[in-house]
Every structure is written in structure tokens, then in C-alpha cells.
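All remarks here apply to the structure that follows.
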There are 2 protein chains.
Amino acid sequence: MATWVLTARAALAADTVAAVTPPAAPARSMTEILAASPPSAWRPLNDDHTLYMQLPGGRVVIELAPALAPRTVANIEALVRLHYFDGLWVLRVQDNYVAQWGDPDGVRKVPDTMQKLAPEFSVPLGAAAFTLLPDRDGYAPQVGFVDSFAAARDPGTGMAWLTHCYGAVGVGRDNDPASGNGSELYAVIGNAPRHLDRNVTIVGQVRQGIELLSTLPRGTAELGFYDKPPQRVPITTIQLASEMPPAQRSRLEVLRSDSPTFTAVVAARRNRHDDWYLQPAGYIALCNVPLPVRAMPATTP
Amino acid sequence: MATWVLTARAALAADTVAAVTPPAAPARSMTEILAASPPSAWRPLNDDHTLYMQLPGGRVVIELAPALAPRTVANIEALVRLHYFDGLWVLRVQDNYVAQWGDPDGVRKVPDTMQKLAPEFSVPLGAAAFTLLPDRDGYAPQVGFVDSFAAARDPGTGMAWLTHCYGAVGVGRDNDPASGNGSELYAVIGNAPRHLDRNVTIVGQVRQGIELLSTLPRGTAELGFYDKPPQRVPITTIQLASEMPPAQRSRLEVLRSDSPTFTAVVAARRNRHDDWYLQPAGYIALCNVPLPVRAMPATTP
């Protein structure tokens, strides 16, 4: 009965079939909004601050956010230039939480000058750089986006911080806040653990390939650590995109969070008006806002 | 350098090291609170309304919630008794969204009388049955728990509904709301897609084994459907726990959401005061509240 495939596809097409709010206008899906977007609504990933993590399954593309964690991003990039991560491991995968990588056997040396680093749980940021999401949030006074990274802000202090949404990349640390030097990293692979916000320095966002981490076997030791070394997942290399030959780079662009197209996408997802949805939510949580990524058009130089 | 393992473990132990709020009292972790809990804080899963889905990787245990979807749960249980799902497939896995199972090739017949079913997007529920979570929510007037299921409620109408948190199990449907008869089901494997609330009938919650679904390869066709039949994941059987010999049942119990222990757990997770956390959140989102499940003590009859 082909109808059951239809049932499945129709029910779940719901997620991509969305519409902007005005009931008079024809409903536009997110796909349609993106298809009609001008080139100016997109920006290429910044290759100077983008990491490629090579796993057995393929490449994970992580864009770093130096504006929100300048010292920590610089430390990580310095470690990458030292080939610190090459040959290390994904050592922990906890279901509905994080995948984490680093040096479980202590085979690598972090240079003495890079061992300790003052954390960057939040940073001063001008209001102009922050695209406000009007929907209220339980964890922060304001939420929104900075250069296509999900973030929060305290307008009273002018401080901003990246938030633990799906695919966010953060810095593992010990009880000492200065112990988070960037040599141990994790990515969020489950429901947003926003309680970690401002307790960890977040440094960026997986822009492509998160499924290479989210499908890894869960560790069975406490907290999802792999309890036997053969279970670890080898990292061939972590490299800066800008150090790769252009032909080997992932030519990706992300929707600009300060573009009208982005505002239209958010509105379409906040209230869905297609034939499937009967109850538009009238609200969207920060970590449910999509950050569309696509291959750069072939004509772009 | 063993210190890096320590770094990893310390940073991430943070998730299980939590404390109740009063600063005068010694901080108790969730683990400690649970270890000190009385037997009355727990209830066994209801075997009359619990499904075992047997996948190649093991058993997924789904507890149904007849109080919140009586007709749909009855339909699903009737299909299970007809062995409807045995030999069918997980046919779609979309990253950060859902894993879905059913009959992609239409090899099964749903009895005519069970084809259409009025949806149960919300149901009348007495206020007494609802354990309120005081933290505000963006998607619903009130959120909380009904018999250890995450739920929402409109006090103005007295209607309640189950919510799309991680591990929630819902009913796929076509545009016709009555097309959701329970023969096509999905489980949430990503950040809570709360916009689906009240657009789909949710029927229960995965109590054990969600990682057997969340680690499945993502489908590469549109919406995460497997584009080739060999990619599908076979379902050996879906059976009711109560129809299994007692020795073959998963003897599990869930923390009662109307117990003082549960209230203490939620408080400990809302504000974490151990040595690792520097910034307690002061808030907890509905879908970040844990619903602890454990093996029944051996002494329980």
C-alpha cells in the first residue's frame, strides 16, 4: 500500500513545509524562501577560522567564532597548526548529550604557554552585532544570533555568549576554569544542554557532518566514555580550511542571521500554516531555529 | 598525561554532579538523591501498556500512556496483538529529528475498522493528575508531568497533551488528522521538536534503548528516508510486555513524577552547585528534566 509511504512522507514533510505568517499571502515553505533568497543573504564560511575534522566516516566542518571566544579560538588554531589532534580520538559519546574528543592516553604535549587560559564564558559585544530573537527564553535575558551563531545576551551588562544548541562545539575543562585550553573539545548531539551556558567556553558550531558524531556508538562507561581503547574513534586529522588546497576545501555558505531572508525563515518556522499543521506554535525556541548551510553556487569565485 | 582524562571526566561529570538549592545543606547530586530515595518514589513500568521493539541491536522499551491517548494506544496495542509490526522496518532516520518505523512497501493490511481514528492531540485531564513544573515555557501555558510523562496543559480549558521531548513516541499521519491510526510511529532523537505538539498524537515514551534508534545511520533521501530498501533496519517483533513470559520481561521502574524525590531531582538540576558549575541556570526546560529509569530491585516481587 503505497499510501503508507505517503502517510509517512506527508506527516514528516511537515517539518520542511512551512509558511510565512500573513494569511493573505500564499504560504511559502522554508525551502521556497531559501530558493528565492538573494546571494547577499549568504556568506561563505570563514576558512581562516574553520576546522575540518577527518573521521573514518568523513569530514566534520566546524566554524569557529573568534568574535565570541578570541583567546580560546586562537589557542585551538595554534594547536591545530601543531597537528595536536592528528591521530587522537573521539573518546566519549553520551546519548542525548555530547561527543567529545581529545588525548585520553596523554600522548601529546600542550606547550607550557598554552596550558592555562582565562575562560571566555561571555564577552563584551556591541548591541549592533546581535540579531535579537523576539521569542522569550528561560535561560537568558535575551537570545538571538551573532554572525549566524546562536547566542544569548544580557543587555544590562552588554555581555554575550554562545549557547549550547545542537552542533555547538565547546571546550572541556576541569574544575579550574583556566584548565579549558581547547585541547579537549565536544559537540552537542542531543537536546540542547543550555545549563552548560556560561560554564564552558563555546568556540563554534558544526556546519556540516554532525551526523558523523551523532551516530557514533554510545560509550558504556560512566558518562558515555568508551571503556576500552579499541572502541575509540580515530581522528585522522584536524586542519584549518585555509591551510588546505582550495580544491580540497568544503565550499559552503551559511545563511546570514542578519538578513531579511533569515527573518522570513524564522517567521515561517514559528508559525507553520501549510495543510498539515493544525496548531501553529506561535513561538520558536532559540535552538529550534535552523541555520541553513548550502554548497556555494558554482559561479561564485 | 592522565590529567587529560581527568579533565575530560571532571568537566563532564558536571552533568551528573548536582545539588539541591539550600546553600546551608550539603550539596546532593542527582545520583545521591536517587540512591537515598524510598521505594515509594518509583513505580514499575505498566507491562499492560509497554511495548518491546526488537531491533538487530537489542530491545527498545516503549511505555504507552493510555491516560493521554486512550483510543490511539488501544489501536496500537490491537495492531501489536495482530503482529502487525513483526518483520517491518525502521524506514527513516533524520538527524536531530526523528526515527520512524512502519510498512514502506504496503505488505500489511490494517483492518478496515482501524484505518481511521479521531486524533487525540489533547485530552481533558483533571488538574490533580498534573504535576506542574514552575518554570515557564514558550510553547504552552503550563508544562509538567503526568504519571512520569512530560506533558503540557491549558488550565483555561483543562486540556492536556504529551510533549515532543527526547524519546517521545508519536503517530505519523497524513494531512487528514484521522489518518494517524498508529501503524506508523516515530521516536524523537534530537532537540525537542515542540512545534509538533498538538499536531500529532503522542502515545508514549522510550524508557530504555533509545540509543538503538538514535545511532542508526541517517537516511540520505529527503527528510531522512532510507533511499534503498537494503538500508532499512528490520524490526523482528513489537510485542506487549504483558504477553511475554515474566522471565523475558525488562523489569524496569521509573521515578514517579509526583514524588518528593522527583521534586528534589528537578531542583538539583535547575541549580547546580557543585565545584564545577560556576553559573547555576536558575531554570530548567521541560525537556531537560530527567525521567530516571532503573532496574527493579531484585527483592521486589
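Values quoted throughout were computed directly from the atomic coordinates according to the rules given, and no laboratory measurement underlies them. Values in this document were obtained by computation on a predicted structure and should not be read as measured data. Cβ sites come from the backbone with ideal geometry, for glycine too, and all protein chains shown count toward neighbours.
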Explain nothing, just compute: Karplus ³J(HN,Hα) = 6.51 cos²θ - 1.76 cosθ + 1.60, θ = phi - 60°, for every residue of segment B:149-161 in order, whole Hz, x for Gly and Pro.
10, 5, 8, 10, 7, 10, x, x, 10, x, 8, 10, 8
What are the ³J(HN,Hα) values, in whole Hz, obtained from phi via the Karplus relation 6.51 cos²θ - 1.76 cosθ + 1.60 with θ = phi - 60°, for each residue of segment B:238-246 in sequence order, with x given for Gly and Pro?
10, 10, 7, 4, 5, 9, 8, x, x
In peptide A:101-113, how many Cβ atoms from other protein chains are near each Cβ within 10 Å, on average?
3
Which distance in nm do the two modelled labels at A:Thr157 and B:Arg251 give, with both placed 7 Å along the Cα-to-Cβ direction?
5.1
What is the mean number of Cβ atoms from other protein chains located within 10 Å of the Cβ atom of each residue in peptide A:206-218, rounded to a whole number?
3
Treating each Cα of segment B:238-278 as an identical point scatterer and ignoring solvent, apply the Debye formula and state log10 I(q)/I(0) at q = 0.24 Å⁻¹.
-0.82
Would you calculate the volume per residue, in Å³, of the smallest convex hull containing every Cα atom of the protein assembly as shown?
166
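Rounded to the nearest 20 debye, what is the charge dipole size of the protein assembly as shown about its Cα centre when +1 sits on each Lys and Arg Cβ and -1 on each Asp and Glu Cβ?
80
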Describe numerically, in nm with one decimal, the distance between label points set 7 Å from Cα along Cα→Cβ at A:Asp48 and at A:Thr236.
2.8
What dipole magnitude, in Debye to the nearest 20, does segment A:43-253 give about its Cα centre under +1 on Lys/Arg Cβ and -1 on Asp/Glu Cβ?
160
How big is chain B in terms of Cα radius of gyration and Dmax, in angstroms?
20.1, 66
Taking the Cα centre of segment A:188-301 as origin, work out the dipole magnitude from +1 charges on Lys and Arg Cβ and -1 charges on Asp and Glu Cβ, in debye rounded to 20.
80
Find the eigenvalues of the gyration tensor of the Cα atoms of segment A:197-299, then list the square roots of 5 times those eigenvalues as equivalent ellipsoid semi-axes, largest first, in whole angstrom.
32, 24, 14
How big is segment B:189-248 by the Kirkwood estimate over distinct Cα pairs, in Å?
14.8
Counting only other chains, what is the mean number of Cβ atoms within 10 angstrom of the Cβ of each residue in peptide A:273-281?
5
Would you mind checking which residues have amide H under 5 Å from B:Leu252's amide H? H placed 1.01 Å from N; only 5 or more apart, or other chain.
B:Leu45, B:Met296
What residues qualify as long-range amide H neighbours of A:Ala221, i.e. H under 5 Å apart, gap of 5 or more or another chain, H built at 1.01 Å from N?
A:Asp227
